[in-house]
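The values are calculated or read from the model by the stated rules, or taken from the named source; none is laboratory data. These numbers were taken from a predicted model, which means no experiment stands behind them. Note: ideal-geometry Cβ built from the backbone for every residue, glycine included; neighbour counts use all protein chains shown. The accessibility values were calculated without ligands, DNA or RNA, using every heavy atom of the protein model including side chains. Shrake-Rupley method; radii C 1.70, N 1.55, O 1.52, S 1.80 Å.
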Amino acid sequence: GGSITLTTGSAFTGTSTFNVSNNNITGAKTSPININNVALNSTNTGIFSGTISGNTVGLTGAVGSGSDGDGIDVTANGDAEIRVNITNNNVRQWKLLGISLIARDGTTPNIDATITGNTVGEPSNTTDSAQAIIMNSGPAGTESGTSCTDIGGAGALQNSFPGSFTAGITPLRVRARALTTLRLPGYVGGATDTTAVMNFLSPRNNNVSTSAQVQASGQFAGGGACNAGATPLGP
């Protein structure tokens, strides 16, 4: 299966923190790092907060060495909230998605994620692998939460995407679906202007090819910084 899976209970209403840092993972069959807040359709209101930093998944040039699934998965279910800093990870040779974030089911599932300084590339199957980084808000079609995703930035904050990707697949994608709002700190374009979203994200991420989607009543917004994930307390 996977290597590191952290999940909360279905009745979680408090605040819990996590720190997944400086691991070296090869040969996972499912996601090597999986953060999952509660079971589907739960009505919990807890906050799962933490850091995923400095991890290495897969080996450069070694096909299939990372994962038969995704590289890093972060999933908020029900009425959960996840706050996470995903920084300075090296994720290679994954088969499906590099870093996948999903806020789904329930009424207001939320993810606040800062994703900076990561190297996510060399998908092991360039005929059907998908994005290196994807934020998917509201895939079930009934959600109405507000998530926040700060992806990339200037200089060392940029994410990079080495290697070849499946034809027609952009390495970076953001989706605002159902009734959700997806905030992108610093974005000043229109709520449904996907071209403006792409033009905002690309230079923050090594000028990578980017796609954006608005579906149903979803929308994009700007504003201030995302809620930060809890930082490690020790060495």
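General observations
- Estimated at 0.36 nm per residue, the fully extended path between Asn125 and Thr166 surpasses their Cα-Cα distance by 14.0 nm.
- Shown here: the chain, whose C-alpha atoms stretch 42, 39, 32 Å along the first, second and third principal axes, sorted largest to smallest.
- Share of pairwise Cα-Cα distances greater than 12 Å in the range 187-235 is 69 percent (whole percent).
- Scaled against the 2.2 N^0.38 Å expected of a compact globular protein of N residues, the Cα radius of gyration of the range 130-235 reads 1.10.
- Average Cα contact separation per residue, the chain, under 8 Å, 6 or more apart, as relative contact order %: 17 percent
- The spread of Cα positions in the range 148-208, taken along each principal axis and listed from longest to shortest, comes to 35, 28, 17 Å.
- Shown for the range 67-126 is the translational diffusion coefficient from the Stokes-Einstein equation, using the Kirkwood radius over Cα pairs, a temperature of 20 °C and a viscosity of 1.002 mPa s: 175 µm²/s.
- With the simple model of a label 7 Å out from the Cα in the direction of the Cβ, Asn22 to Ser202 spans 3.9 nm.
- Taking max minus min of the alpha-carbon positions on each principal axis, the range 1-85 gives extents of 43, 22, 13 Å, largest first.
- Value of Rg to Rh for the range 111-167, rounded to two decimals, is 1.05; Kirkwood radius and Rg both from alpha-carbon coordinates.
- In the range 171-235, the portion of solvent-accessible area held by carbon and sulfur atoms comes to 50 percent [1.4 Å probe, whole percent, DNA, RNA and ligands not counted].
- Among Gly66, Val38, Gly78 the positive-end extreme of the charge dipole of the range 1-152 (Cβ point charges): Gly66
- Whole-number accessible area per residue in Å² for the range 56-177, which is evaluated in the context of all protein chains at 1.4 Å: 30 Å²
- Straightening the chain between Ala225 and Ser10 buys 74.5 nm, computed as 0.36 nm per residue apart minus the Cα-Cα spacing.
- Percent accessible area from carbon and sulfur atoms, the range 1-155, protein chains only, probe 1.4 Å: 45 percent
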